[in-house]
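Reviewing the structure listed below.
The values are calculated or read from the model by the stated rules, or taken from the named source; none is laboratory data. None of the values given here were measured: they were computed from a predicted structure. All Cβ positions, glycine included, derive from the backbone under ideal geometry; neighbour counts span all protein chains shown.
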Amino acid sequence: MRTYRLILSGLGNVGRSFLTIMQSQESLLAEQYGVALRVVAAVDSGGAAIDALGLDPGAILALKQERQSVAAMPGCGQAGMGPVELAAHIEADILLEATPVNLVNGQPGLDTARTALRRGMHVVLANKGPLALAYAELAGLSDMGAASADRGNPRDWPALRFSACVGGSLPTIAIGRRDLAGARIQRVEAVLNGTTQGILRAMEQGTSYADALAEMQRRGLAETDPSLDVEGWDSANKLTIVANAVLRRPTTLADVAVTGITALTADDLRAAMARGERIVLLCLAERLGDDIRLSVRPTPLPLDHPLARMRADEMGVVYFTDISGIQTATTRETDPVPTAAAMLRDVLDIAMR
Ligand SMILES: NC(=O)c1ccc[n+]([C@@H]2O[C@H](COP(=O)([O-])OP(=O)(O)OC[C@H]3O[C@@H](n4cnc5c(N)ncnc54)[C@H](OP(=O)(O)O)[C@@H]3O)[C@@H](O)[C@H]2O)c1
């Protein structure tokens with residue numbers, strides 16, 4: 001049995017779901033992978049808890065249930081200690097980052113990821129902010145960077161994984177990087193934001209925009225700042241990651257033309273339906289000559305399009321390729337557990353490396 005020491009940064013919807021599935025999958029991980037996971041440090045906005053012998057996931061969940069900081073944990077709490085300090089000083093194998101997206105400066109997730117990678121620690125991100133702002137830098141500190149005479153074999157570098165950043169547990173990155181290896185991806189169409197998909201489908205059924213958004217927040221699926229969802233920036237972040245990691249086009253958020261759903265009305269949605277179309281918030285990457293044009297915008301699709309057939313709680317991606325056909329994947333997610341499951345699969349990917 002190999003034990004992996006984890007630092008868990010962020011104990012909200014996703015971080016708590018990760019702790020829950022650590023417990024529910026413990027015997028499966030041991031039996032099928034010979035892997036045991038031990039959380040040696042956890043941190044929220046109030047501070048940290050640290051125990052080299054392993055924190056009890058159930059005790060952390062109980063504290064968060066009572067809306068307390070993990071810093072209140074008897075004997076091992078450290079009020080005011082932040083994730084960057086943990087990344088700098090705690091001995092661990094893998095750092096998991098699930099703090100809120102910050103598109104102003106990426107913090108605290110960006111410095112946390114940088115610090116961990118520089119120490120040789122593997123990093124698993126659910127927070128896509130650091131990638132949207134600094135993909136090239138983080139890839140260069142990790143095994144996601146290209147091989148070169150200077151840096152040698154990328155396999156010798158710490159792993160950076162982020163499958164939870166691009167549509168919950170939808171295997172967007174794995175399909176694009178691994179399963180379509182050798183093919184030229186000519187076009188990517190995707191619906192990668194569950195909150196807006198839920199809102200648009202609910203509005204079609206007569207629910208108001210405000211009620212539909214409130215329901216997505218209640219389920220823990222909306223961003224901490226939901227304007228990132230409805231104004232299209234969450235989708236744009238994800239498309240930026242796909243462009244960098246799958247299409248290998250050096251890309252920043254500024255390269256994506258972004259329109260959100262806030263100007264759409266129920267009448268617009270119903271008029272589209274009457275024409276035989278459904279409006280989705282579409283992430284689109286299309287090759288134009290030597291470049292790739294990137295956009296996020298509400299887009300009417302014919303009702304038989306795989307992304308138009310999706311329900312309120314589904315996300316999906318369609319890759320159009322030259323030699324591997326047209327590959328479609330969808331996921332149905334009603335809570336943040338599948339996102340935590342994507343972090344777990346990244347941990348196992350690192351363990352099996
Ligand atoms: N929710 C989803 O379905 C989903 C899906 C895919 C990806 N994600 C990504 O996963 C990340 C977390 O999402 P979430 O829904 O779990 O968010 P959340 O419920 O708002 O939780 C955020 C967590 O981060 C902590 N935090 C905030 N600022 C901090 C700081 N400066 N230092 C340390 N901890 C800090 C919060 O502390 P407190 O507990 O003290 O408030 C909380 O525990 C986000 O980046 C999001 O984009 C979420």
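Taking the stated definitions as given, is I199 within 20 Å of T252 (Cα to Cα), β-branched (V, I, T) and assigned by TED's automatic domain parsing to the domain that holds A254?
Values: within 20 Å of T252 (Cα to Cα): no; β-branched (V, I, T): yes; assigned by TED's automatic domain parsing to the domain that holds A254: yes.
Judged against the criteria, I199 is not a match.
If a residue must be without any contact (Cβ under 8 Å) to a residue 60 or more places away in the chain, of a type in the set (S, T, N, Q) and within 16 Å of the ligand (Cβ to nearest atom), how many such residues does region 1-24 contain?
Residues meeting the conditions: 0.
From the list D313, D346, pick out the single residue that is within 20 Å of the chain's Cα centre (by Cα), outside the structural domain of Q217 (by TED's automatic domain parsing) and either in contact (Cβ under 8 Å) with a residue 24 or more places away in the chain or crowded, with 18+ Cβ neighbours inside 10 Å (or both). Full working, then the answer.
Details: D313 fails: outside the structural domain of Q217 (by TED's automatic domain parsing).
Within the list D313, D346, the selection yields D346.
Per-residue answers, yes or no, for (1) farther than 18 Å from K238 by Cα; (2) within 16 Å of the ligand (Cβ to nearest atom); (3) at pLDDT 95 or above; (4) touching a Lys or Arg at 6+ places or on another chain (Cβ under 8 Å):
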site: E277; (1), (2), (3), (4): yes, no, yes, no
site: C283; (1), (2), (3), (4): no, yes, yes, yes
site: G289; (1), (2), (3), (4): yes, no, no, no
site: S295; (1), (2), (3), (4): no, no, yes, no
site: A308; (1), (2), (3), (4): yes, no, yes, yes
site: Q327; (1), (2), (3), (4): yes, no, yes, no
site: R332; (1), (2), (3), (4): no, yes, yes, yes
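Of all residues in region 47-62, which are among the aliphatic types (A, V, I, L, M), more than 25 Å from the chain's Cα centre (by Cα) and either buried (at least 19 other Cβ atoms within 10 Å of the Cβ) or at positive phi (or both)?
Matches in region 47-62: I50 only.
Please verify whether L63 is within 13 Å of the ligand (Cβ to nearest atom), out of contact with any Ser or Thr (no Cβ under 6 Å at 6 or more places or on another chain) and closer than 27 Å to S142 by Cα, treating the condition exactly as stated. If you could, list the steps in order and put the result at the bottom.
Numbers: within 13 Å of the ligand (Cβ to nearest atom): yes; out of contact with any Ser or Thr (no Cβ under 6 Å at 6 or more places or on another chain): yes; closer than 27 Å to S142 by Cα: no.
Spelling it out, it is not the case that L63 is within 13 Å of the ligand (Cβ to nearest atom), out of contact with any Ser or Thr (no Cβ under 6 Å at 6 or more places or on another chain) and closer than 27 Å to S142 by Cα.
Among (1) surrounded by 24 or more Cβ atoms within 10 Å (Cβ to Cβ); (2) in a helix (DSSP H, G or I); (3) of a type outside the set (K, R); (4) not assigned by TED's automatic domain parsing to the domain that holds R119, there is one condition V188 misses while meeting the rest; what is its number?
Only one criterion in (1) surrounded by 24 or more Cβ atoms within 10 Å (Cβ to Cβ); (2) in a helix (DSSP H, G or I); (3) of a type outside the set (K, R); (4) not assigned by TED's automatic domain parsing to the domain that holds R119 is unmet by V188, namely (2).
Counting only residues that are outside any strand (DSSP E or B) and touching a residue at least 24 places away in the same chain (Cβ under 8 Å), how many does region 282-304 have? Walk me through it before giving the result.
So in region 282-304, the residues outside any strand (DSSP E or B) come out as 289-290, 303-304.
Okay, now just the ones that are also touching a residue at least 24 places away in the same chain (Cβ under 8 Å), so 303.
Residues in region 282-304 being outside any strand (DSSP E or B) and touching a residue at least 24 places away in the same chain (Cβ under 8 Å): 1 in total.
Any chance you could count how many residues in region 199-249 are within 16 Å of the ligand (Cβ to nearest atom), without any contact (Cβ under 8 Å) to a residue 60 or more places away in the chain and in a loop (DSSP other than H, G, I, E, B)?
3
Out of L29, L53, which single residue is assigned by TED's automatic domain parsing to the domain that holds H89, out of contact with any helix residue (DSSP H, G or I) (no Cβ under 9 Å at 6 or more places or on another chain) and not in a strand (DSSP E or B)?
L53
Within region 107-121, count every residue that is in a loop (DSSP other than H, G, I, E, B), touching a helix residue (DSSP H, G or I) at 6+ places or on another chain (Cβ under 9 Å), of a type outside the set (K, R) and away from the ligand (no atom under 11 Å from the Cβ). Before you say what the answer is, go through the steps one by one.
Of region 107-121, the ones in a loop (DSSP other than H, G, I, E, B) are 107-108, 119-121.
Going one step further and asking which of them are touching a helix residue (DSSP H, G or I) at 6+ places or on another chain (Cβ under 9 Å), we end up with 107-108, 119, 121.
Adding the requirement that they be of a type outside the set (K, R) leaves 107-108, 121.
Among the residues that remain, those that are also away from the ligand (no atom under 11 Å from the Cβ) are: 121.
Looking only at that region, the number is 1.
Spot the failing condition for A174; the list is (1) at pLDDT 95 or above; (2) of a type in the set (A, V, I, L, M, F, W, C); (3) buried (at least 22 other Cβ atoms within 10 Å of the Cβ), and only one is missed.
Here A174 meets the rest and fails (3).
Quick one: is K128 crowded, with 20+ Cβ neighbours inside 10 Å, under 30 Å from W233 (Cβ atoms) and either within 14 Å of the ligand (Cβ to nearest atom) or within 23 Å of the chain's Cα centre (by Cα) (or both)?
Working: crowded, with 20+ Cβ neighbours inside 10 Å: yes; under 30 Å from W233 (Cβ atoms): yes; either within 14 Å of the ligand (Cβ to nearest atom) or within 23 Å of the chain's Cα centre (by Cα) (or both): yes.
Yes: the conditions hold for K128.
Evaluate region 253-272: report whether one residue or more is part of a strand (DSSP E or B), closer than 22 Å to G145 by Cβ and outside the structural domain of A126 (by TED's automatic domain parsing). Let's see the steps before the verdict.
In the first step, residues of region 253-272 are kept if they are part of a strand (DSSP E or B); the result is 256-258.
Restricting the remaining residues to those that are closer than 22 Å to G145 by Cβ gives none.
No.
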